[in-house]
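The values are calculated or read from the model by the stated rules, or taken from the named source; none is laboratory data. No experiment lies behind these values; they were computed from the predicted model shown. Backbone-built Cβ (ideal geometry, glycine too); neighbour counts: all protein chains shown. Just the protein is used for accessible areas: all its heavy atoms, side chains included, with ligands, DNA and RNA removed. Shrake-Rupley method; radii C 1.70, N 1.55, O 1.52, S 1.80 Å.
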Amino acid sequence: MKRIVVFCGSSLGYKAVYKDAAIALGNYFVHHQIGLVYGGGKIGMMGVLADAILEQKGEVVGVIPKLLKKEEVVHPKVSEMIVCKTMSERKVIMSQLVEGYITLPGGFGTLDELFEALTLNQLQIEQKPIGLLNINGFFDGILTQIGHMIAEGYIKPEHKKLFLVANSVETLMEKMHQYIPLEKNSIIQKVVR
Ligand code: AMP
């Protein structure tokens, strides 16, 4: 994979394990020549991840909407900064630039981006691996909720394969590389049934 988009918090969280995970992912990207595409911020997990890569001369592309492009927020040193009009346009641009998605701990913005990626892949508008780095069991609650949604008939059981979960960077990246997209047509079968 040449480029991966990482969704992660504009906050750092309270525990050092989360920051360490962002740095570990950044190191992996540099050592495997994978470019980072992200939200373009210098704050929180986003800033830690971008800095880890930039310090080692890796590639970092930020995609930021005009409304967020303020000095306190925007990273001044990325390889390239794409300024777009809206939050929605940002997600489209980010998805066009990458071969896969990774989600690190974050808040509403992070979950919004993750679920948009899952929805696009569920509809087979695109077919890219979507990884969750489940550091410290951060995503356990969401995984439980997704299990509940499957059990209650709102998510097809096979769509569980749309996301890959691991608690270490190496295992997650292995899963990303080995990802086999869902068979085409499953959405059409769903509609016909
Ligand atoms: P959150 O998880 O709510 O902190 O939001 C983080 C995600 O939303 C990131 O992946 C960004 O793409 C976007 N985002 C939210 N706030 C900012 C910000 N202040 N600067 C840049 N991007 C942001």
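From largest accessible area down, sort Arg90, Arg3; use a 1.4 Å probe on the protein chains.
Numbers: Arg90 15, Arg3 45 Å².
Ranking Arg90, Arg3 by accessible area, largest first, yields Arg3, Arg90.
Amide H contacts for Gly106 (H built 1.01 Å from N in the peptide plane; partners 5 or more residues away or on another chain; cut-off under 5 Å): Gly9. Taking only the C-alpha atoms of the stretch 62-107, Rg followed by Dmax gives 11.3, 30 Å.
Element breakdown for the chain at a 1.4 angstrom probe: carbon and sulfur atoms account for 56% of the accessible area. Listed by chain and number, the aspartates and glutamates whose alpha-carbon sits under 16 Å from that of Lys42, ignoring those within fewer than 8 places in the same chain, are Asp51, Glu55, Glu59, Glu71, Glu72, Glu80.
Accessible surface area normalised per residue over the stretch 48-191 is 54 Å², counting heavy atoms of protein chains with a 1.4 Å rolling probe.
Of the cross-linked pairs Lys70/Lys128; Lys2/Lys156; Lys57/Lys128, those separated by over 29 Å at the C-alpha level are Lys70/Lys128; Lys2/Lys156.
By a 1.4 Å probe calculation restricted to protein chains, Tyr28 has an accessible surface near 30 Å², given to the nearest 10.
Assuming a viscosity of 1.567 mPa s and a temperature of 4 °C, what translational diffusion coefficient in µm² per second does Stokes-Einstein assign to the chain, Rh being the Kirkwood radius over Cα pairs? It would help to have the intermediate numbers written out before the result.
Working: Rh = 17.0 Å.
So the translational diffusion coefficient is about 76 µm²/s.
Dipole size of the chain about its Cα centre, with +1 on Lys/Arg Cβ and -1 on Asp/Glu Cβ: approximately 360 debye, rounded to the nearest 20.
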